[in-house]
Amino acid sequence: MLELSILGFLAEQPLHGYELKERIKALSGHVRPVSDGALYPAITRLVTAGKLDQHTEPGASAAPRRILSLTDAGREDLLERLRHPKQAEITDHVRFNTVLAFLRHLPDRREQAAVLRRRLDFLQTPSSFFYDGGKPVRAEDSGDLFREGMLRVARATGTAERAWLQEAIERLESAG
C-alpha cells in the first residue's frame, strides 16, 4: 500500500520526501500513519529498482531537498498494481481507498471497471463482525446496543458503497 501511494502521488507530480509523506498521511494517516522508518526505505527500494528518479534542489530556507519523480518503469509498475490489485487491496477498506485514489491513472475504462467489480463482488458476500454458529449476526439480532451500532453503520456504509460501485461501473462501461 505504501509503495502504491508513493507511485501514485509521484505520477501526479514530482515531490520531495516531506511533501510525499504529508500527502500519504492525508490519504490514510489517521488510520495507518506512515513513519519515516517505513517511507524512506520504501523510497530507496523504488529508486534502486529504477522506478523513481531523484535529484537535489536548493531548499527555500533550509538544506537542499531531494526531489523524487516517477520513471517510465515506475509508471508501468503503478499501472500494473492498479490493473491487478492484491486481494487485500480489494477487501480492506483503507487499502481499497488507496487504489481508488489513483485508479484514474489507469487509461482503460474496462480495466477500471474490472477493479471496481472485484470490490463489488467482495461486498456482495454476506459478512459480519460477529458470527453465531457460522452465520453472520445481523444488527437486529446482536442483543448488544454497541454491536448493533457497529453493524448498522457497517450496513449503511456497505449499502452506499455498493450503490456507488454499481453506478461507477455502469458509467465506465457505457462510456466505452
task = May I ask you to list the residues in the range 125-155 that are open to solvent by less than 100 Å² (accessible area, probe 1.4 Å) and hydroxyl-bearing (Ser, Thr, Tyr)?
result = 125, 127, 128, 142
query = Failed condition for residue 158, given (1) over 25 Å from residue 3 (Cβ atoms); (2) open to solvent by 30 Å² or more (accessible area, probe 1.4 Å); (3) in a helix (DSSP H, G or I), with all others met?
reply = (2)
inquiry  = Can you list residue pairs whose Cβ atoms sit under 8 Å apart, with the first residue in the range 15-29 being under 20 Å from residue 97 (Cα atoms) and the second being among the aromatic types (Phe, Trp, Tyr) and assigned to a helix (DSSP H, G or I)? Count only pairs 6 or more apart in sequence or on different chains.
reply    = 20/9; 23/9; 24/9
message = Restricting to the range 43-56, name every residue that is touching a residue at least 12 places away in the same chain (Cβ under 8 Å) and either loosely packed, with under 11 Cβ neighbours inside 10 Å or assigned to a strand (DSSP E or B) (or both).
response = 52, 53, 54, 55
query = Restricted to the range 72-91, and to residues that are more than 11 Å from the chain's Cα centre (by Cα) and of a type in the set (A, V, I, L, M, F, W, C), which residue is least open to solvent (accessible area, probe 1.4 Å)?
reply = 78
ask   = Got a sec? Which of 138, 95, 118, 104 is basic (Lys, Arg) and over 30 Å from residue 175 (Cα atoms)?
value = 138
task = State the number of residues belonging to the range 1-20 that are open to solvent by 40 Å² or more (accessible area, probe 1.4 Å), assigned to a helix (DSSP H, G or I) and either of a type in the set (Val, Ile, Thr) or farther than 20 Å from residue 90 by Cα (or both).
result = 3
task = Test residue 69 against the stated conditions and say whether it is in a helix (DSSP H, G or I) and surrounded by fewer than 19 Cβ atoms within 10 Å (Cβ to Cβ).
result = no
message = Residues to consider are 94, 115, 99; find the one that is in a helix (DSSP H, G or I), open to solvent by less than 60 Å² (accessible area, probe 1.4 Å) and modelled with pLDDT under 95.
response = 94
query = What do you reckon, is residue 168 of a type outside the set (Val, Ile, Thr) and surrounded by 15 or more Cβ atoms within 10 Å (Cβ to Cβ)?
reply = yes
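The values are calculated or read from the model by the stated rules, or taken from the named source; none is laboratory data. Computed from a predicted structure; not experimentally measured. Please note: Cβ atoms are built from the backbone with ideal geometry, for glycine as well, and neighbour counts cover all protein chains shown. The area values use the complete protein model at the heavy-atom level, side chains included, leaving out ligands, DNA and RNA. Shrake-Rupley method; radii C 1.70, N 1.55, O 1.52, S 1.80 Å.
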